[in-house]
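For reference, the structure discussed in these notes is given below.
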Amino acid sequence: MVTAPEIPRYKVKEVKGMVYGESIRTRGFLGRFAAGLEALADGRSYAYLRELKN
């Protein structure tokens with residue numbers, strides 16, 4: 001599986017479709033620290049999830 005449209009010397013057998021992902025970057029240590037504490041509590045970082053929804 002690759003994300004490139006073609007690879008030299010290889011033939012594409014099947015195309016699965018578009019790939020989509022999201023990434024969040026914090027502005028500093030305190031943002032990462034707070035998100036880390038939330039993740040320890042129940043495994044989810046609500047600070048990051050709020051950013052994704054905005």
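The values are calculated or read from the model by the stated rules, or taken from the named source; none is laboratory data. Source: prediction; values computed, not measured. Cβ sites come from the backbone with ideal geometry, for glycine too, and all protein chains shown count toward neighbours.
Checking the stretch 3-25 against the condition returns no match, with no residue being in a helix (DSSP H, G or I), modelled with pLDDT under 75 and of a type outside the set (F, W, Y). Taking first residues from the stretch 25-42 that are closer than 18 Å to K53 by Cβ and partners that are modelled with pLDDT under 75 and among the polar types (S, T, N, Q), the Cβ contacts under 7 Å between residues at least 6 apart in sequence or on separate chains come to A35/T26; A35/S45; E38/S45; A39/S45.
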